[in-house]
Amino acid sequence: MLFSDVVQTSETVRATRSRKTKIAAIAALLDAADPAELEPVVAWVSGELTQGRLGTGWRTLSGLAIDPAPEPALTVEAVQSAFTALAGTAGAGSAARRKQLLGDLWGAASAPEQAFLLRLLSGELRQGALTALVSEAVARSADVPVDAVRRAYMLCGQLPRTAVAARAGGERALAEFRLEVGRPIRPMLASPGASLDEAMAEFDGEFSLEIKMDGARIQVHRDGEEVRVFTRTLREITSGVPELVELVRGLDCTSVVLDGETLALTDDGRPRPFQETMSRFSVFDPALLAPGVNPTRELLLHPYFFDCLHLDGRDLLDEPLRERRAALAKVAGPHSIPALTRPDAEAAAEYVDGALAAGHEGVMVKSLEAPYAAGRRGRAWQKIKPIHTLDLVVLGAEWGYGRRTGYLSNLHLGARDPETGEPVMVGKTFKGLTDALLQWQTAEFPRHERSRDEYTVFLWPELVVEIALDGVQVSPRYPGGVALRFARVVRYRPDKTPAEADTIDSVRALLP
């Protein structure tokens with residue numbers, strides 16, 4: 001297969017907002033791929049590489065001033081081989097070798113192929129082909145149920161590997177994927193709930209009430225003495241959290257997979273601000289800390305687990321929450337979030353008041369009958385907060401005026417369209433921005449720049465920000481038909497990807 005076939009499909013996907021057209025284009029591409037080409041092709045249309053990081057930064061890539069080839073002649077195999085060679089380049093002389101490999105690749109690529117390579121290698125391939133769309137294309141191409149593809153992908157965490165299995169063995173091969181201790185799976189996600197009473201009524205009394213902690217999501221795997229810790233984006237952080245590793249190694253079990261939160265506490269046991277917890281993670285930029293917050297890495301992290309996905313050889317993903325909670329209590333009771341099971345309205349209200357008084361965000365209402373729907377956001381878990389907050393994607397920022405002259409200030413905010421994966425603009429705000437955040441935005445946003453005009457820098461949809469609001473109103477001003485009321489910035493969420501941002505449906509659900 002020619003590499004230009006992948007590039008052309010990418011352009012087709014970028015050019016349409018139709019979900020059906022996107023899926024059909026990707027499926028046709030997969031149909032044409034040979035078995036050896038399938039894995040890299042699936043990765044590339046998802047905006048990823050099978051080799052992971054190649055050590056090629058933006059400065060190196062943007063400096064490749066090499067004339068393009070007059071006609072496309074590169075093959076998928078040749079490009080994949082070049083990426084593999086780049087990934088394996090290390091040690092003395094590696095910089096020169098990497099530059100030569102990139103130069104050879106760029107010189108063999110046509111102009112459209114060079115543009116695609118630049119976006120792919122710099123992580124800026126934005127074409128609306130999120131993994132949900134590619135998953136459906138994989139299912140169509142292999143003629144298997146999409147739910148079987150989603151589950152296999154959930155368990156192995158690699159969509160290219162899932163596609164190869166679907167092509168080679170169909171639904172039976174996909175069914176052979178199992179939870180593997182030591183390999184993270186995508187976390188189950190919650191949806192915003194309208195109110196405690198409505199959530200309780202929806203589950204007809206069969207629910208668990210838990211504290212909604214303002215911490216960092218963790219997934220912990222233990223196999224014998226080996227313990228590995230992952231973030232919500234499946235990034236391994238084991239070496240940076242020795243206190244969590246030691247605690248889990250001391251649990252009374254042989255193997256376990258736990259889902260939960262970790263956070264730092266004050267001397268009196270109250271939760272520290274989210275930014276302080278995140279300062280323990282290298283991905284977090286200290287510039288995002290609030291004034292006066294000490295970005296020390298000496299803060300002790302405490303785990304609070306709320307789910308058990310595997311225990312001593314038994315997978316629990318498909319078991320109802322009541323069974324998983326029982327396993328959690330058995331293996332990590334003192335370190336689990338206290339849950340109130342099947343409470344009446346009075347007991348539930350007291351629990352919520354206690355959670356808020358202790359400094360927590362709110363509560364979670366979870367169906368006791370629901371399995372663990374990894375990687376999915378559904379109604380089985382609902383988060384209830386006293387103040388409406390949404391995780392939105394930053395689409396751009398306007399240059400400030402007055403005391404904010406010279407700073408990127410007024411944010412353009414978008415919610416995710418669940419059908420296409422594209423962001424839909426729902427409002428703007430400059431409220432809540434501290435001087436430190438203004439400085440950070442002005443330095444950081446050009447790194448994500450898509451285009452600009454005299455007043456605004458428009459961004460690729462890569463940054464997630466948490467926004468507090470008083471409500472939502474109908475408005476023809478924005479494409480989604482709704483607008484945020486009194487929106488203000490709470491914080492940036494470096495622990496979340498745009499695929500985890502709230503949907504336009506969640507925003508519309510807040511309409512009176």
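Here are the numbers for the structure shown:
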read-out	value
Point-to-point label distance, residue 99-residue 443, nm (Cα→Cβ direction, 7 Å offset)	2.8
Note, ³J(HN,Hα) from phi for region 403-418, Karplus 6.51, -1.76, 1.60, rounded to Hz, x at Gly and Pro	6, 9, 4, x, 10, 6, 10, 4, 7, 8, 10, x, 9, 7, 7, x
Label-to-label distance, nm, for residues given as residue 78 and residue 435 (7 Å Cα→Cβ offset)	5.6
Identified option (computed Rg/Rh (Cα atoms, Kirkwood Rh); candidates [x] 1.06; [y] 1.00; [z] 0.96)	[z]
Simple Cβ-charge dipole of region 1-122, Lys/Arg +1 and Asp/Glu -1, about Cα centre, in debye nearest 20	660
Theoretical ellipticity at 222 nm over the chain - DSSP helices of four or more residues, -39500 (n - 2.57) apiece, nearest 500	-10500 deg cm²/dmol
Rounded tilt (10° steps) of 131-142 against the dominant C-alpha axis of the chain	60
Part-to-part distance (alpha-carbon centres) for region 60-108 and region 166-228, which is given in Å	40
Partner aspartates and glutamates for residue 366 [C-alpha distance under 12 Å; skip if fewer than 8 residues away on the same chain]	202, 204, 206, 210, 307
In degrees, nearest ten, helix 159-175 long axis to first principal axis of the chain (Cα)	70
Largest-first principal axis extents, alpha carbons of region 63-116, Å	35, 24, 14
Given charges at Cβ of Lys, Arg, Asp, Glu: region 202-258 dipole, positive-most of 238, 221, 254	238
Euclidean distance between Cα centres, region 1-35 to region 314-343, Å	43
Relative contact order [Cα under 8 Å, 6+ residues apart], region 153-211, whole percent	34
Beta bridges by DSSP in the chain, antiparallel share as percent, to the nearest 5	90
Accessible area (Å², 1.4 Å probe, nearest 10) - residue 177	30
Mean projected area (nm²) of the alpha-carbon convex hull when region 463-509 is viewed from all directions	3.5
Region 120-208: trypsin sites (Lys or Arg not before Pro) falling in loop per DSSP and having at most 13 other Cβ within 10 Å	178
Check: region 448-512 dipole with +1 on Lys, Arg Cβ and -1 on Asp, Glu Cβ, in debye	180
Stokes-Einstein translational diffusion, region 135-207 - Kirkwood Rh over all Cα pairs, 1.306 mPa s, 10 °C, in µm²/s	113
Relative contact order for the chain, counting Cα pairs under 8 Å that sit 6 or more residues apart, in percent	12
Fully extended contour minus Cα-Cα distance, from residue 508 to residue 172, at 0.36 nm per residue	117.0 nm
Karplus-derived HN-Hα couplings along region 181-192 (A = 6.51, B = -1.76, C = 1.60, θ = phi - 60°), whole Hz, x at Gly and Pro	4, x, 10, x, 10, 5, x, 6, 10, 9, 9, x
Folded to 0 to 90 degrees: helix 3-14 orientation relative to the chain principal axis, Cα	50
Region 324-411: relative contact order in percent, alpha carbon pairs under 8 Å with at least 6 residues between	15
Ratio Rg/Rh [Cα only; Rh per Kirkwood] for region 126-279	1.04
Region 419-512: C-alpha gyration tensor shape, a/c 1.5 cut-off, then a/b vs b/c	prolate
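The values are calculated or read from the model by the stated rules, or taken from the named source; none is laboratory data. Source: prediction; values computed, not measured. Every residue, glycine among them, receives a Cβ derived from its backbone with ideal geometry; neighbour counts consider all protein chains shown. Note: accessible area is taken over every heavy atom of the protein model, side chains too, but ligands, DNA and RNA are not part of it. Shrake-Rupley method; radii C 1.70, N 1.55, O 1.52, S 1.80 Å.
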